[in-house]
Structure formats: structure tokens, C-alpha cells
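As C-alpha cells, the structure follows; a few thoughts come after it.
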Number of protein chains: 4
Amino acid sequence: MKLSFSQYGKSAVGLLKVFRDGDVQTVKEIEVSTLASGDFDRAFYSGDNSTTVPTDTIKNTIYAMAKDHLGESIEDFALFLADHFLGKYPSFHGVTIEITEKPWQRMVVGDQAHAHSFQRALSGIKTTCIRADRSSKDIVSGIKELEILKSTGSGFVGFPRCEFTTLPETTDRILATRVSATWHYTKPVKNFNETNRKIVDQFMLAFTTEYSRAVQETLFRMGTLALEAVPELDRVMLRLPNMHFFQYDLARFGMENKGEIFFPAPNPHGDISATVER
Amino acid sequence: MKLSFSQYGKSAVGLLKVFRDGDVQTVKEIEVSTLASGDFDRAFYSGDNSTTVPTDTIKNTIYAMAKDHLGESIEDFALFLADHFLGKYPSFHGVTIEITEKPWQRMVVGDQAHAHSFQRALSGIKTTCIRADRSSKDIVSGIKELEILKSTGSGFVGFPRCEFTTLPETTDRILATRVSATWHYTKPVKNFNETNRKIVDQFMLAFTTEYSRAVQETLFRMGTLALEAVPELDRVMLRLPNMHFFQYDLARFGMENKGEIFFPAPNPHGDISATVER
Amino acid sequence: MKLSFSQYGKSAVGLLKVFRDGDVQTVKEIEVSTLASGDFDRAFYSGDNSTTVPTDTIKNTIYAMAKDHLGESIEDFALFLADHFLGKYPSFHGVTIEITEKPWQRMVVGDQAHAHSFQRALSGIKTTCIRADRSSKDIVSGIKELEILKSTGSGFVGFPRCEFTTLPETTDRILATRVSATWHYTKPVKNFNETNRKIVDQFMLAFTTEYSRAVQETLFRMGTLALEAVPELDRVMLRLPNMHFFQYDLARFGMENKGEIFFPAPNPHGDISATVER
Amino acid sequence: MKLSFSQYGKSAVGLLKVFRDGDVQTVKEIEVSTLASGDFDRAFYSGDNSTTVPTDTIKNTIYAMAKDHLGESIEDFALFLADHFLGKYPSFHGVTIEITEKPWQRMVVGDQAHAHSFQRALSGIKTTCIRADRSSKDIVSGIKELEILKSTGSGFVGFPRCEFTTLPETTDRILATRVSATWHYTKPVKNFNETNRKIVDQFMLAFTTEYSRAVQETLFRMGTLALEAVPELDRVMLRLPNMHFFQYDLARFGMENKGEIFFPAPNPHGDISATVER
């Protein structure tokens, strides 16, 4: 028996950094996962740990490096960490650094932005995943758990029917989803935060401005607008679960439900994924 | 053996209502729980269901009543439901209606509020709980899962020490909590949403504007400000778990951590609860 | 404004103890919550921490005391902790100690019980809650998240109907629930583990051996059998959510569903609670 | 812009089947996800749903097919569903059927197995994933959320040290993990349940019987034993997060902690993955 693949590292390293710029402070809360592949077969074959940098060391490193190198963008910190680990440990041939950011938003008290108080922010967790070896780096950023909903402007008609089809056609339904999206950068950009925001803005634009004849159509429009807006991207991967809200049958009680009263049916759910490329 | 307490009902009735005011739509997503006490002993003693309104009927009723009676405030709908159930079913002697609202926030696309698109707002779930019988109604509203954090302006000194004490004193720490608060109305107010917002604003004010010498002190200030701002309240109940963020020990690596790098330690957590009264 | 109630302490203190009895080891994993009430008003009114034993000290104490005093039963450890805290800190007038046990079960490998390997066990988390002051102790133990299901032997008929009733009567349905139960001991017993096991066995007996005409009837039987079996109990509190499994409508596809194919509908769910007393 | 990948379907279709074999009944609870790839580009490019079998139809089909075709093994049902969908819908070029089984275990009441009562078994969820097109089928089965722990017989020494290393060497630690494993069948076996059980038994054997010098070594032994025991497998993929339990520092209180008192530190956690091949 032999090993055909392996990786190891530390997952779920939570970290909060306070940026103390005079009286106004800013906080950033991230979670880092670092997985390494390389010269580690001996640990599997014979329990020889001589090349296995402890995952505890990986964890310590992340906190230590955050002090001087974690700035505004999780991408820049992930790229730095990839360089650090590959530069420091010869047994590491490749690393995958994933960072998620759970956003804190500056609190507004009495119409004034507060200097050091924050509130957990709107839905949507920012993500980045850097895969690197000593000759190349691959940058994929994204967003997940972004819940959005249109109360009209969506339908589903013209689908094939068979003996197992009971779904009625509709030209006005609720369209709700929890967006998971990632996008591939062909090269680093100057300001990842700004570029990522532009991409998410395009998703919102695509989601809102045109009638949706299918989740698929909306997904393709979201990917297309993002690619058009950001030349440094070559592909966008989207997963849009169809978080169903069904009309409740009020006719049984002598009432008419004109698209007013819905019940959420989170499971089972439709599940649409695709990659849009340039 | 005998019954000394019983209640039954339907929990977790999810419901989304679309308000269609011309071109601009609004959505409200709530979850309702209805528990009844009354003349139900026969079901327990002898499986006699003749007074047990099915929980399925309770569920149907909530959807049906939402059509005409769910408006802006969950309090008003809960009060309506309490009246409805007590008025309709003689076997119901008392009801407890709990409603939570999972907020959707109108989406802004290109600086413009969109007419029918929404995004999940994460911070803070609104709650209300009405306990009613045929002669009285008790109104307790609240907020939960409201995550807030101060990156400075908080300390903890002067506490007693014993052989099990290892905690150092500090005059500058992170104070983070996930607020659970409820407040008791002595009578209905005209606009529950507005009044509740005023209460939460006072919480924020109390949390942010003064140095916190103890979570307890901050809690008491939060309750006090809310009671001062809203005369219809007679008491405020607050639970403030102390969501610890500890400084990571960087000295081991020859670095100084001047309140910059923290790791979240969600469990175990401090847990402070109190009721503030007029 | 004044304080009418307060308590504070440390929640979710996770702890695993290894009992090393020669070659055979045993593990016990528990989570402890300790809340104190007492002479703490000064912390709320003026940020004076001089009576506030830090929750960090409470945490340290739990680990330290577990070394010599955590044995087979969580009740005995909770009673010990209550005595310890009340004896040591004059500012503590009352304490509530809650302990849950997440069970590990000895692993069987090749038909042999292994000396030091364990597997997460069957559903059901054991709980205890001790409320104590310097003159009295109150012992409530329990079980939660115990998921049980009967595939037949349950029905629901004879209930009142109104215009909102659409539920059909049935004499053969699935009855599934996630038991939350607590029971009050009038005095300590010699072997809490054995007594608690006897109580849960009675729940199972009541759940399985007789036809259920209502969840209420089954609940009352569960409480009654437990009280009959254990004289040291004076009351049993049970909450039985009705975890619905509904027959899927296959008639639309020309098939008959004779109680074979169900879909789980966890929410909304029926919710039945009661206290059975001697 | 163009589509380079897409799939769609229905996820999280929950289903419970009751097998009524005379007086003794058996239940099986599964969750099915069905994703199809094929001739669906028109939906993305132009909202043309003429080839998009509704996910609601897919859901209906799963319930309908379960009546006659769901038996003891989730693999056989998944293979059947794959054939059904590919046979029935020309626009489906490939399907991925994933099924998980949440186990119910027959209840034992008074030393007797009960004919129709069941209890949730917590440890280990069975999984299968069939990827099929019209010319081939790929079978990968597995287990997840299987929590196991050794209280001794595990160490970690001989690892490289650098300025970020603070971890001490140990020859006696707790080894705990939540196993996620999948294995690839080169062809269907007669009795998937029996074969899968044999594989998991080998995991347990490998986990328990030898001293673990590294999680990696234990992982490799688990994969090796499984491949040796089951000739129809060609590879085993394992992920073993290192669920840390750290010794609590009692020396600060004048006590010695001889591997007795640990605190669980679920995050951050070590994360070891590998594929073992024949």
C-alpha cells in the first residue's frame, strides 16, 4: 500500500487584530487554515516526524506574522504567509492558505461613527484561498453565506413535464439564495478589498435589475457582469442554492393568497452551480 | 400521580410576508411559537383529545391570520393572535405567543434603494413574548444575538485573589458580548418598532460612551438608560456573556503584543445577567 | 433605577478526565456552568469588583477540583462544587451548578472491550443542576437530546375541528421525539448514575409498551412510571417536541403509500410539556 | 463569456422508510442529493427551461422510487436512481447521487429488542456518492462524524523545532479525532453494508491496537488495513482532524496533573488528510 496524496496543517486559527491609529481604532477578525504538502511520507510510513513542522508551530507563526503583516486585505496576508512558510521550511513543497473574514462594522451612535466600537455586520463572509508552490501562486477569492432575496421579478415556466411533475408554472415567485461565489485572479491586484467589492456589487446588480427566468440565467448574468467589470479575473464560480419560499395554501380557509403569505422550506432545496469564463 | 403543569402548541412556525405597496415591496420574515395552557388534562390522563386543538390547526391559523393582521410590528401581531386564540377556543385558558423576526434589509444597488430586493441583516434578532389570559396581557419584547465589541475603553481590576486566581489585572482589554435583552412593557405603545429601536440605541450608547470597569457596570448602565428613555418600561433584563478575546503571547517569539493580536476564546465564557428596575 | 436580580459566573467549562485504574482507563467528558448570586451589587452600581471572584478563578477551580473530586456521577461533583464555592467565598450567597455529560462509550474491537479506546455514544446527554445556598440544596437531574421513534403504535383521533383544521385523523402514525426531561430529587441517592438509568429505562418502557393516543398520554405515562420506580423523586418535568414525519403523497404518481414513505418535517413542530407529581 | 461547467439538482431530500415485515418493523432514514450535468446551457444563456427537469420533479421521483427500490443499502438505491435518471431524461448526461444515512438503532427494552421502537445512534453517518454517465459508474462510499478517542497509546516526538515552536514533546497524550473517510469500489459488491462495516472495523483496529507516533502513521495504518481486508477497494481517502485535548496546568495550584485533567480545545485543530492506494 502506498500514499498517493497527503496534506496536513492547522485549521480554524481564529485571530482578531486591533489597528490602533491614534484615537480611531479598527478591528479585523479572521480565521486562517494552512495546509502543506511536501516531504512528509516518512510520518505516514514510519511515524518519523523529522520533517513534520508541528501544526502548533504553524499556529504560533500565524499570530506572530499578523502583528506586522496583516493589513486591510486577507489576500495580501495569505500571499505573505505562503511565501513565509515556503521560504522557511524546505519540507513544504506547496501550501494552501485559506482565510475567511467575519466582518465587524463600525458602530454609529447618535449619527456619529464611534472610534472603537463595532457591531457584527451584514451577511456575507469574505474568503480567499491561495495555493502556492515555489514557482507559482494561484489566487481565488470569494464570498459565502450572502443571503439575498427578491420578492418579485422571478419566474419558472417552460420546463419539461412527466408523470412525476407536480410543480405549477409561475411568472411571479420569490427568488432567494445564499450565494457562495469564488473568482480566480490571473494576477494580484493593487487593492483586493476594492476589487472584491466591485465584484459583489456586480452580483447584486445582476440579481436585481433583470427579470429572472431561471436561477441559471441569473447565475450566468452574475458571472458575466463580474468578468466584464474586472479584467484581472478569468473565471467566476457560483453556487446558488434555491432557498424555497412556497405560497401557503389559504384557499382552504376561503382566503386568496395573492403572493403575500409564504412559508420557508429550506430543505430540500434546489442547487445550481456553474463556472463562467472569459 | 397527577399533573401540576402543562402546556402545548406549535413551535417554529416560519412565515414570510410580502407587503405589496404599489411598485415598492417590503418583506418580513418571522417565526412564531404558540403555547396554550387550559383544559387539557384529559389528554394526559386518558388520551382524550376532545379539547386538544391540533397544533396543525394552530399553524394554519397563524398563516391565515398573517394575511390581514401581520403589519410592521411583531408585538401587534402577537397581541392579535393571543386575542384570537383565547376568543375562539374555550379550552384555552392562557396562551404564550413568542415571535422572532429575522431581519431582511432593503438592498442598495448603485446608491439606490431597490424596490423589491433584500439582504439578510445579521446582527440582532428581534423578539417578543406575549403571555395572556382572558383578563390580562403581559408584553415582553427584546433582542438577541446582537454581537458588539469595544476594542478599548474597558478594564477589570480590584477583584479578590485567592490560590486559584491567575488572571492579571488589566485597564485596557477588549469587551465583546452577544447581547440578549428583554424588557417589560407596562402597557402597549403606539409604535413598538420605534420604541424598541430607541431602547437598543440606549444600549449602544451605554456600551460605547463610558469606560467599563466591569461588565456588570456596563450592564446596569444599559438597563438604566433604557428605562430613563422609555417610560412605558418597568424593567429590563439583560444577559451579557463575556466573549473573551485574549492577547496572544508573542513575547515567546521576541515580539511585543501591545494590545494588537488577540485570539477568540468563545468557551468557556463569563456570563453576567441582571434585571434593572425602576 | 435599581437591581432586582443578578447572577454571574462561568459557562461552558469543558473538561475531560481520564481515570487510570491500572491498565484499563475510563474517560468522562463534562461541561460545567457555575452561576453565583450574592453580594455583588457594588459591581453593577459603581464598578467595584472587590467582591467579584473572577470567572477565570471559577474556571481554574473547576479543573483543580476535578482532579480529586470528579468521580462517576456528575451530581456528586456538582454538590461538591456547590459546597466548595459557598464555603470559600463569603460574597457567594447562592450558586447554581449545571453539568452536562457528553458520553463516550468503551470501544469494542473484535468482540473485546478495549482498555483505553472510546467512541462517542448513543444519543442522550445527561444533565444535572444543583441550586444551593448555605442552608439548602436542590437537586434536579435530567436527560436531553434523546431521540426516539416508534414506527407504529401511535395515533391521533377525536380532536376538535374548525374552519382552520385540515389534519386528517389517523390510527397509525410515526411518533418521534427528542426527549428533554428533568426530575427533582427530594434527597441525594447513593448511586445517581444507577437511579438515573432506571428513570430513563422507565421512559423507554412507557414510550414503547402501550399504544399512544396522544403525545400527552405518553408523556404522562413516562412521568408516572419514573415516579413509581424511584421513591426519591417528587416530580418529573418532560418536554416532548413532536418531530413530525409525514406520509409523502404518492397517489399523484399512481402509487399507494401504505405507511412506508415519509418525509421529515422538523419545523414547525408540535411542542408538549408537562410536570408530573406524586 | 461562456459556461465551462455546470450542474444542478435537488439537495437535502430527507426520507424515512418503514419496512413492515410482519410484526417486526425496521426504519431507514436517509438524505439524498441529486446533481445532473448535461444539455442545460440554454437555461444559463437564455432562460430557456425546456431541458431543465424541475428539481421538484427530481424530489418527487426520489420519494416514489424509494417505495419499491430502497432496501438495506444506500449504495444499491443510489445506483438505481442513477440508472433511472439517465434512462428517463435525455438531457441528463451525467448524474451524481449522494446519500447519507442517519442511523436509527433498534431499542432494547428490558433486555428485549423492541419490534418497532428505535433510538438515534450518534456516532458515524454512512455516506455514498455515485457518479455515473451512460457508460460508467463510479462508487465511493464512506463514513463521517465518527468520533473516536484513545486516552493513551499516542505520542508526538522528534519533530523539527524553530523559533516559533513552543510545543513540548510527549510520549503519552490523548488522541481524538472525528473521522471522515471515503473509499472507492472498483466494482459493486454483493452486500455493501457488510463490506462497509468490515472497513470501519479495520479503521477501529488500526486506531486501537498500535501505539501512534503520529496521526499520519495511524491514518496510513487505517487505510492499509482496510485495503488488505477488502479486495474490491483500490483506494481509501481519510481525513483525521486532531481534536486537541490539552492538559490543564494544575502546577500553578500546587497540584500535579499526571495525565488526568484535560480541557477540550476544538479550534484551532490539526488537520491531516491522505489517500492510501493499493
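The values are calculated or read from the model by the stated rules, or taken from the named source; none is laboratory data. If you're wondering where the values come from, they're calculated on a predicted model, not measured in any experiment. Please note: Cβ atoms are built from the backbone with ideal geometry, for glycine as well, and neighbour counts cover all protein chains shown. Quick note on the areas: whole protein, heavy atoms, side chains included, nothing else; ligands and nucleic acids left out. Shrake-Rupley method; radii C 1.70, N 1.55, O 1.52, S 1.80 Å.
Note on D:Asp39: accessible area approximately 60 square angstrom, rounded to 10, probe 1.4 Å, nucleic acids and ligands left out. Legend: residues in the range C:52-66 shielded by at least 40 square angstrom of accessible surface upon adding the remaining protein chains to the isolated chain (1.4 Å probe, heavy atoms) are C:Pro54, C:Asp56, C:Thr57, C:Asn60, C:Tyr63, C:Ala64.
If a spin label sat at a point 7 angstrom from the Cα of D:Glu72 along the line to its beta carbon, the backbone N atoms of the range D:221-244 nearer than 20 Å would be those of D:230-233. Taken over the Cα atoms of the range C:46-149, the convex hull encloses 148 Å³ per residue. Only Lys, Arg, Asp and Glu carry charge here, each on its Cβ (+1 for the first two, -1 for the last two); on that basis the protein assembly as shown has a dipole of about 0 debye about its Cα centre. For the residues of C:109-117, the average number of beta carbons from a partner chain within 10 Å of their own beta carbon is 5. In this Cβ point-charge picture (+1 for Lys and Arg, -1 for Asp and Glu), the range A:121-255 has a dipole of about 420 debye about its Cα centre. Relative contact order of chain B: 12 percent, from C-alpha pairs under 8 Å at least 6 residues apart in sequence. Annotation: Cα Rg of the range A:1-91 relative to the compact-globule expectation 2.2 N^0.38 Å equals 1.31.
Could you compute the FRET efficiency for B:Ser91 and C:Asp83, with r as their C-beta to C-beta distance and R0 at 41 Å, rounded to 0.05? For B:Ser91 and C:Asp83, the calculated efficiency is 0.30.
Annotation for B:Gln247, label-to-label distances across the other copies: 2.8, 6.2, 6.8 nm (shortest first, one decimal, point 7 Å from Cα along Cα→Cβ). Placing a label point 7 Å from the Cα of C:Ser135 along the Cα-to-Cβ line, the residues of the range C:179-206 whose backbone N sits under 19 Å from it are C:187. Each copy carries a label point for D:Asp111 at 7 Å from Cα toward Cβ; from one copy, the others' points are 2.1, 8.0, 8.2 nm away, ordered from shortest. Of the accessible area of the range B:165-278, computed with a 1.4 Å probe over protein heavy atoms only, carbon and sulfur atoms account for 50 percent. Here the range D:79-94 is scanned for amide nitrogen atoms under 18 Å from the site 7 Å beyond the Cα of D:Asp39 along Cα-to-Cβ, giving D:84-94. Mean residue ellipticity at 222 nm, helices only, the protein assembly as shown: -8000 deg cm²/dmol; runs of at least 4 DSSP H residues each add -39,500 (n - 2.57), and the sum is divided by the number of residues.
Each principal axis of the Cα cloud of the range D:163-239 was evaluated for its coordinate range; sorted largest first, these ranges are 53, 24, 19 Å. In the range B:136-278, the inverse of the mean reciprocal separation of distinct Cα atoms equals 16.7 Å; this is its Kirkwood hydrodynamic radius.
Of the residues making up the range C:181-220, those losing 30 Å² or more of accessible area when the isolated chain is joined by the remaining protein chains, with a 1.4 Å probe, are C:Met204, C:Thr208, C:Arg213, C:Gln216, C:Glu217, C:Phe220.
Each distinct pair of alpha carbons in the protein assembly as shown adds a 1/r term; the inverse of their mean, the Kirkwood radius, is 31.8 Å.
The rotation axis taking chain A to chain B passes closest to the C-beta of one chain A residue; that residue and the distance in whole Å read A:Leu122, 3. Here the spin labels are modelled as points 7 Å beyond Cα on the Cα-Cβ line, and at A:Glu145 and D:Arg252 they lie 3.1 nm apart. For C:Ile272, the accessible surface of its heavy atoms amounts to roughly 10 Å² (probe 1.4 Å, protein chains only, rounded to the nearest 10). Take each residue in C:233-239, count the other chain C-beta atoms within 10 Å of its C-beta, and the mean is 1.
Taking every protein chain into account, the 1.4 Å probe leaves D:Val157 with about 60 Å² of accessible area, to the nearest ten. Checking the cross-link pairs B:Lys28/B:Lys88; C:Lys137/C:Lys187; A:Lys28/B:Lys150; A:Lys59/C:Lys10 against a 18 Å limit on the alpha carbon distance flags B:Lys28/B:Lys88; A:Lys59/C:Lys10 as lying beyond it. For q values of 0.07, 0.10, 0.16 Å⁻¹, compute log₁₀ I(q)/I(0) with the Debye formula on a Cα-only model of chain D, without solvent. Values returned for q = 0.07, 0.10, 0.16 Å⁻¹ are -0.37, -0.69, -1.23. When the convex hull of its Cα atoms is viewed from all sides, the range D:93-160 shows a mean projected area of 10.4 nm². If you line up the long axis of helix A:74-88 against the longest principal axis of chain A, both from Cα atoms, how many degrees apart are they, to the nearest 10? That works out to roughly 30 degrees. Kirkwood analysis of the Cα pair distances in the range C:1-51 returns a hydrodynamic radius of 14.1 Å.
Based on protein heavy atoms only, the range A:1-148 ends up with 36 Å² per residue of surface accessible to a 1.4 Å probe.
Normalised by 2.2 N^0.38 Å, where N is the number of residues, the C-alpha radius of gyration of the range A:71-124 stands at 1.71. Chains A and B together bury some 5000 Å² of accessible area, summed over both sides, with a 1.4 Å probe.
For D:Val157, the distances from its label point to the matching points in the remaining copies are 4.7, 7.3, 7.6 nm, ordered from shortest, with each point set 7 Å beyond Cα toward Cβ. Convex hull of alpha carbon positions in the range D:25-67: directionally averaged projected area 3.8 nm².
Normalised per residue, the accessible area of the range C:155-200 is 49 Å², obtained with a 1.4 Å probe and no contribution from ligands, DNA or RNA.
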